[in-house]
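Presented below is the structure to which this report refers.
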There are 2 protein chains.
Amino acid sequence: MSPKITTELLKQLRQVMKNPKYVQEPVQAYIVPSGDAHQSEYIAPCDCRRAFISGFDGSAGTAIVTEQHAAMWTDGRYFLQAAHQMDSNWTLMKMGLKDTPTQEDWLVSVLPEGSKVGVDPFIIPADQWKRMSKALRSAGHDLVPVKENLIDPIWTDCPQRPCKPLITLDLSYTGVSWRDKIVALRSKMAERKVVWFVVTALDEVAWLFNLRGSDVEYNPVFFAYAVIGMNTIRLFIDGDRMMDPAVREHLQLDSTLEPEFKIQVMPYGSILSELQAVGAGLSPKERVWLSDKASYALTEAIPKAYRYLTPYTPICIAKAVKNAAETEGMRRAHIKDAVALCELFNWLEKEVPKGTVTEIIAADKAEEFRSQQKDFVELSFATISSTGPNGAIIHYKPVPETNRTLSVNEIYLLDSGAQYKDGTTDVTRTMHFGTPSAYEKECFTYVLKGHIAVSAAVFPNGTKGHLLDSFARSALWDCGLDYLHGTGHGVGSFLNVHEGPCGISYKTFADEPLEAGMIVSDEPGYYEDGSFGIRIENVVLVIPAETKYNFKNRGSLTFEPLTLVPIQTKMIDVNLLTEKECNWVNEYHQKCREVVGAELERQGRHEALRWLLRETEPLGRVQ
Amino acid sequence: MSPKITTELLKQLRQVMKNPKYVQEPVQAYIVPSGDAHQSEYIAPCDCRRAFISGFDGSAGTAIVTEQHAAMWTDGRYFLQAAHQMDSNWTLMKMGLKDTPTQEDWLVSVLPEGSKVGVDPFIIPADQWKRMSKALRSAGHDLVPVKENLIDPIWTDCPQRPCKPLITLDLSYTGVSWRDKIVALRSKMAERKVVWFVVTALDEVAWLFNLRGSDVEYNPVFFAYAVIGMNTIRLFIDGDRMMDPAVREHLQLDSTLEPEFKIQVMPYGSILSELQAVGAGLSPKERVWLSDKASYALTEAIPKAYRYLTPYTPICIAKAVKNAAETEGMRRAHIKDAVALCELFNWLEKEVPKGTVTEIIAADKAEEFRSQQKDFVELSFATISSTGPNGAIIHYKPVPETNRTLSVNEIYLLDSGAQYKDGTTDVTRTMHFGTPSAYEKECFTYVLKGHIAVSAAVFPNGTKGHLLDSFARSALWDCGLDYLHGTGHGVGSFLNVHEGPCGISYKTFADEPLEAGMIVSDEPGYYEDGSFGIRIENVVLVIPAETKYNFKNRGSLTFEPLTLVPIQTKMIDVNLLTEKECNWVNEYHQKCREVVGAELERQGRHEALRWLLRETEPLGRVQ
């Protein structure tokens, strides 16, 4: 990796920062955050402005350019990568280290008195704006919204914003029609006494209208906003996608409908002016509901007294609880995914000893097997295919420079998943194709114990996911081991592989309580720098649990694994398992045999079936 | 209980609310919070203004009186009590119920346009002021500080503010001199670049100067503030307490000292004007450190740009980590406390079958035995002595109307503790003096498993206490049981029995990570309404743990029980314990035998010693 030369680009940007064509008044600093106008986790190439100006293309980072300086804030995952990708024009600000200044403190320390700091109001979330604006103001500076993004005029070969065809999902996939979703949303709006709801997150727009797209890699979403009133529906979307007869019929654009279900289609770019018109037309006591993560630009369109901001929108919460059709779809998707992985692991077992399989080849092979399955759309994230020391890099993605050959002497970690039309998968298995050491087995078994502790946990209705995180760590902690990531995230249903509002993490964020029908991952791990990485991940469904005393009818919950891929028994030190844990493994493998075995049989994949049967032999408990 | 008749009082208060002698402009509503000017949990009688005006004397509640209405907000613990204690002038606002308005929303709904809402700026914490002021302003009203408390002019028989003699603690108790504490505090101030630190919490003043008092029942504190500069120390305290030669010598008031250690003693009531003078004299970039829970009045004395507010002060954090002298003192206090409880339980075992022991008698007897121990000062909280159904009332305190006789047919729960000059105790034991039912034993055993799970937990340095809370619940959850309170709180060293900044709770508050030397309680429970209550509480010390792999030198922690009182084995269903849990109980009892046994022997308490030996027989594990 050689760094991107940015001297010329920075010069141009600094000119633009003073050019009255773009700014009302010159700005002495310009902030280039990651992210798009929808606060997406994954973004389209046209939104990778921070990567363009700096060369650093990690998933998290904020660039700030002043007349004299250029600085990049990023976290521990990316210190090395950022240092490699950026030239000497840039100062790397290592977040989380004690001596690293915050962006605000740094700005205050370098700016001349009374400076203006510019930022694209569409990219910065309202809550971040508020914090930064306050800090700058108290030091005598001003944060100012710069309407035209200042990277765009110098990004001459900027790719077009994607505008790919849409997929319509019928009731057999979604369980609920978009009309019924609108009705439910309006009833939540009435409860909170709001008259408008603004949908800004891409997966929320997709979910609400039972549509999918492919504007952002791995995420079946499309660029759009929606504004829902008690009697109106406005969808802001570009391109000729609305010309597609299937879409027109799905949205009933040409039917005679009750006016409250008539969708007005408007240009994507008109959201701000339309929202301003909404804001201007409000009567006293009328309120508009937005996510508190919505962009500053859209939030400001509604006068402050009329705003109703919440961390999670009613769509986010409704989307998280999967209905029967979605749950069944997720089950089907996970069975197909398991078929593909049985094929892959059977193939790896034969090929690895030959010394010809690299991390990239293995990842490609995984995609190949998945793509053979019905309703496969694309991967759900970049495959983490890592062997030996690469396994210890938690967010590793093999590239030619790092690509390592799998061998019978190293642990192999595969974290991968796909989008099927009926569901989204995300599974990690850690395998050894030779003979694991006692230490490797010991670590693997602690991780497995943590995985089981979460998966088999019984907890009362109303429990938040973060209260389960320590269960995943207890066995590791007892021996003085740990892992530095959360234990689980919400998973969408043919939607984003990471979604809120629930999760399982030691970080106490405002997660919503777990409910039956929610789907999360369960993925403890252990990483030995320079040696190996271990992670065992299933996607699990929250289900009601039967208990002896049932919490005075408060009810209990537990998890059902949707992922049905064998956990390599060769890696388990059976002596470290309790009887209960041993039974859990055997019952899990029995279910893999029955459910995935039947599908392998049906698909005539006999060799993979034999592999599955061998890998799911019950553990013989020593003792 | 008959309600307090408040008609006349409310009439008087409403007159005062319009009387220019007390208010610059009439206020249309007046807020009477619980609490004193130091945001204490326990308050002196002269500060019980909310109880005076309403009759409701629970520990939590806020009264608001308007020209037409009088309303009281309190939580589920007190719905019944408040309803009994208040007359029909009052509306009870049941917090936590869906339809209960917030104070702000209620005010907005009842007030005429452009109203003024008054509150004593010394009683309301700055963070609460901010929230309420914002909500009222956005509805067109004003929150105004009313300097003189409006209850005081109508409270003609208000008790005097206590002003009791002080106790000086020498190095053998505190381990660190007040001078060294000032030096350490100033170094923290220098780190954060602040030039003044304002001590507002009573236990922080007491800790800093190695002084104790008895102005508030159960809490060995005294009314005072302190303001620490880099070269000055100001102590705001009333009465002739500073005439006491022991105190003068302790504080070196009459010695020739370096000026930076010279304590200026000032009247308690002059804090505001002195702080305003400090605020007025600040140079640019000089900052003043306050707790964000400090009163609005004191916070406002410092201009906004100069304030540095944190949720936990450096004193709060330093105080939580006990040094060797404090730890040894806590150990001694807990041994003495165990001696008293062995005496008590031995006595109860003989007396209960006679049917003559009531909850109040048992509580008094516990105090009597404690008071026989060296350096006993007072109880550390009101004893919870509860039998049968009373045990299910978590904050129960026996009074003549509820006083129940202990019997061989009911579970008895005793949650009690004391202040000794060398430490503070807090212990709960649940006993049966007859034959417990299988169900009672089952529930007790789950609670015990939870207690052990926390006490024996090993976790990495830097772990916050709330991450351990679920360990205490897991065994209960498995059977569909739970308890609706946190698992543990910080404990002071001859100071408040509840102290921050650490704890073990499912409520995610901003607790500080646990550190070796911190002391918390471990007290899971189970409560069956109308039948019984079970709780097992030890005070435990955070200590370094030895682990196999030691977190790559990050280090591990675990707990050492300081409380050494037998856990009734009769209540344990041994079949529900794992081998590890069984061993924990046996080792714990072995330690009780050795340590407390030796002290009982030394004190010549032979009958209690025999009781201890019998109660600490090892569990025979069936299986």
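Compute the Kirkwood hydrodynamic radius of the range B:542-582, taking the inverse of the mean of 1/r over all pairs of distinct Cα atoms, and give it in Å to one decimal. Write down the numbers at each step before the final one.
Values: mean 1/r = 0.0758 Å⁻¹.
Over the range B:542-582, the inverse of the mean reciprocal pair distance is 13.2 Å.
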Of the trypsin sites (Lys or Arg not before Pro) in the range B:1-92, which ones lie in a loop per DSSP and count no more than 16 other C-beta atoms within 10 Å?
B:LYS18, B:LYS21
Point-charge dipole on Cβ atoms (K/R +1, D/E -1) for chain A, about Cα centre, debye to 20:
1220 debye
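Find, among the trypsin sites (Lys or Arg not before Pro) in the range A:247-355, those assigned to loop by DSSP (not H, G, I, E, B) with at most 14 other beta-carbon atoms within 10 angstrom.
On the way: sites: A:ARG248, A:LYS262, A:LYS285, A:ARG287, A:LYS293, A:LYS304, A:ARG307, A:LYS319, A:LYS322, A:ARG331, A:ARG332, A:LYS336, A:LYS350, A:LYS354; in loops: A:LYS262, A:LYS285, A:ARG287, A:LYS293, A:LYS322.
Those satisfying the criteria are A:LYS285.
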Counting pairs on different chains as well as pairs 8 or more places apart, how many Lys pairs in the range B:6-154 have Cα atoms under 16 Å apart?
6
Computed over the range B:167-319, protein heavy atoms only, probe 1.4 angstrom, the accessible area per residue in square angstrom equals 40 Å²
Considering only chain A, what is the antiparallel percent among its DSSP beta bridges, to the nearest 5?
75 percent
Reach of B:LYS374 by Cα under 14 Å, taken over aspartates and glutamates that are not fewer than 8 positions away in the same chain:
B:ASP337, B:ASP422, B:GLU599
Within the range A:167-319, count lysine pairs with alpha carbon atoms under 15 angstrom apart where the residues are 8 or more positions apart or belong to different chains.
5
Quote the charge dipole size of the protein assembly as shown about the Cα centre in Debye, to the nearest 20; the model charges only the Cβ of Lys and Arg (+1) and of Asp and Glu (-1).
1360 debye
If amide H atoms are modeled at 1.01 Å from N in the peptide plane, then the residues at a separation of 5 or more from A:LEU406, or on another chain, having amide H under 5 Å from its own are A:VAL357, A:THR358, A:GLU359
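In the protein assembly as shown, what percentage of the DSSP-assigned beta bridges are antiparallel, given to the nearest 5? Write out the running numbers ahead of the final one.
Working: 118 of 162 bridges.
Roughly 75 percent of the beta bridges in the protein assembly as shown run antiparallel, per DSSP.
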What does the average come to when, for each residue of peptide B:555-565, you count the partner chain Cβ atoms lying within 10 Å of its Cβ?
1
What are the ³J(HN,Hα) couplings of the range B:289-298, residue after residue, when phi is run through the Karplus curve with 6.51, -1.76, 1.60 and θ = phi - 60°? Round to Hz, x for glycine and proline.
8, 9, 5, 6, 9, 4, 5, 4, 4, 5
Between chains A and B, what is the buried accessible area summed over both chains (1.4 Å probe, protein heavy atoms, nearest 100 Å²)?
2800 Å²
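May I ask you to list the GluC sites (Glu not before Pro) in the range A:181-243 that are in a DSSP loop and have at most 16 other Cβ atoms within 10 Å of their Cβ? Don't jump to the answer; show the numbers that get you there.
Numbers: sites: A:GLU191, A:GLU204, A:GLU217; in loops: A:GLU217.
Loop-located and lightly packed - A:GLU217.
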Per residue accessible area in Å² of the range B:6-154, where ligands, DNA and RNA are left out and the probe is 1.4 Å:
46 Å²
Relative contact order as a percentage, chain A, C-alpha pairs under 8 Å and 6+ apart, gives 10 percent
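Let me have the relative contact order for the range B:6-154, percent, based on Cα pairs under 8 Å that are six or more residues apart. Walk me through the numbers on the way to the answer.
Working: 236 pairs, mean separation 38.9, N = 149.
With pairs under 8 Å counted, the relative contact order is 26 percent.
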Could you work out how far the C-alpha centroid of the range A:9-43 sits from that of the range A:170-204, in angstrom?
35 Å
Rounded Å value of the spacing that divides the Cα centres of the range A:362-436 and the range A:462-512:
22 Å
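To the nearest 20 Debye, how big is the dipole of the range B:321-615 about its Cα centre, given +1 on the beta carbon of each Lys and Arg and -1 on that of each Asp and Glu? Let's see the in-between values first.
Details: 30 positive and 42 negative charges, 106 e Å.
Magnitude of the dipole: close to 500 debye.
Given a 1.4 angstrom probe, I'd like the percentage of the accessible area of chain A that is carbon and sulfur, rounded to a whole number.
On the way: 12860 of 24750 Å².
Answer for chain A: carbon and sulfur cover 52 percent of the accessible area.
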Non-local residues with an amide H under 5 Å from the amide H of A:LEU379, with H modelled 1.01 Å from N and Pro and chain starts lacking one, are A:GLN419
Using a loss threshold of 50 Å², tell me which positions in the range A:439-469 are less accessible in the complex than in their chain alone. Probe radius 1.4 Å, ligands and nucleic acids ignored.
A:VAL458, A:LEU467
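List the relative contact order of the range A:77-166 as a percent without decimals, with contacts defined as Cα pairs under 8 Å and 6+ residues apart.
Numbers: 54 pairs, mean separation 22.3, N = 90.
So the answer I get is 25 percent.
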Check the straight Cα-Cα distances from A:LYS580 and name the lysines below 18 Å, setting aside those fewer than 8 residues away within the same chain.
A:LYS449, A:LYS548, A:LYS591, B:LYS449, B:LYS580
Helix A:469-478 axis, angle to chain A major axis (alpha carbon atoms, nearest 10°):
50 degrees
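The values are calculated or read from the model by the stated rules, or taken from the named source; none is laboratory data. It should be emphasised that the depicted structure is a prediction, and the values quoted were computed from it without experimental measurement. All Cβ positions, glycine included, derive from the backbone under ideal geometry; neighbour counts span all protein chains shown. Keep in mind that these areas ignore ligands, DNA and RNA; they rest on the heavy atoms of the full protein, side chains included. Shrake-Rupley method; radii C 1.70, N 1.55, O 1.52, S 1.80 Å.
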